[in-house]
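Notes to accompany the following structure.
The values are calculated or read from the model by the stated rules, or taken from the named source; none is laboratory data. All values derive from a computational prediction rather than experimental measurement. Cβ: placed from backbone, ideal geometry, glycine included. Neighbour counts: every protein chain shown. Remember, those area values only see protein heavy atoms, side chains included, never the ligands or the DNA or RNA. Shrake-Rupley method; radii C 1.70, N 1.55, O 1.52, S 1.80 Å.
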Amino acid sequence: METQSSKFRWWTVVTACVLAEIIPVLVLIFVVMLYSVIRKDDSLSPEEFAPMAGNWVGPIAGFFVTGLMGFWAGRRAGFKPLQHGLAVGIGTALLDLMIATGLTGELLLSGLLVASN
């Protein structure tokens with residue numbers, strides 16, 4: 001008989017994937033807000049800075065947050081932690097590619113996006 005602790009925890013994986021997408025966006029918002037407070041008058045506006053920062057903050061923060069969420073999902077699983085963490089990594093990469101494709105209308109892969117996924 002299969003116990004509750006030996007079932008694959010899909011909701012934990014889905015939650016971890018969603019958080020792995022949301023947290024880097026919140027980090028980017030914080031970075032742009034901080035930039036708008038400390039920027040000099042002759043520098044880029046926050047609206048001009050945000051896309052440039054997003055090209056770096058998103059993939060880098062996404063890489064680290066996905067690792068943390070995979071670790072979190074694996075620890076919560078109790079059963080097959082490696083499979084849960086791997087599912088978070090794959091799920092987040094697919095979700096990230098779907099969002100990028102949905103926003104641009106085509107599959108554009110930058111080197112940093114591919115490396116972070």
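The table below lists the values:
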{"item": "Residue count, the stretch 22-41 (criterion: in a loop (DSSP other than H, G, I, E, B) and in contact (Cβ under 8 Å) with a residue 24 or more places away in the chain)", "result": "0"}
{"item": "Whichever residue in the stretch 25-38 is more than 20 Å from the chain's Cα centre (by Cα) and either small (Gly, Ala, Ser) or open to solvent by less than 80 Å² (accessible area, probe 1.4 Å) (or both) and, among such residues, is nearest to Gln83 (Cα to Cα)", "result": "Tyr35"}
{"item": "Set Gly54, Gly89: member being out of contact with any Ser or Thr (no Cβ under 8 Å at 6 or more places or on another chain), of a type in the set (Gly, Ala, Ser) and assigned to a helix (DSSP H, G or I)", "result": "Gly54"}
{"item": "Members of the stretch 42-91 found to be in contact (Cβ under 8 Å) with a residue 40 or more places away in the chain, over 30 Å from Lys7 (Cβ atoms) and surrounded by fewer than 19 Cβ atoms within 10 Å (Cβ to Cβ), listed by number", "result": "Asn55, Trp56, Ile60"}
{"item": "Residue within the stretch 105-114 that is surrounded by 12 or more Cβ atoms within 10 Å (Cβ to Cβ), at pLDDT below 90 and part of a helix (DSSP H, G or I) present", "result": "yes"}
